[in-house]
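I have a structure I would like to understand better, so I am pasting it below and will then ask my questions one at a time.
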């Protein structure tokens, strides 16, 4: 999971990922993962998580990258 001030992205290995606009939806009731208007934001958050995983030598990075490329 990675979060910036107003957005939270959750990588769920083998399940549906989650993307929330915390300013508009603080209780995380509306998953924006398939919202076309959030596609650019989703890509940015995925890249941020991949960068964090690489910096911290996270063992799930390889699987994360493979799953996101499918």
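Yes or no, residue by residue, for (1) out of contact with any strand residue (DSSP E or B) (no Cβ under 6 Å at 6 or more places or on another chain); (2) surrounded by 12 or more Cβ atoms within 10 Å (Cβ to Cβ):
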residue	(1), (2)
15	yes, no
18	no, yes
24	yes, no
27	yes, no
33	no, yes
37	yes, no
43	yes, no
49	no, yes
67	yes, yes
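Moving on. Could you check segment 1-57 and list, in sequence order, the residues that are part of a strand (DSSP E or B) and within 8 Å of the chain's Cα centre (by Cα)?
Hits for segment 1-57 are 2, 8, 9, 10, 18, 19.
No lab work stands behind these numbers, since they all come straight from the coordinates. If you're wondering where the values come from, they're calculated on a predicted model, not measured in any experiment. Here the Cβ is made from the backbone with ideal geometry for all residues, glycine too, and neighbour counts use every protein chain on show.
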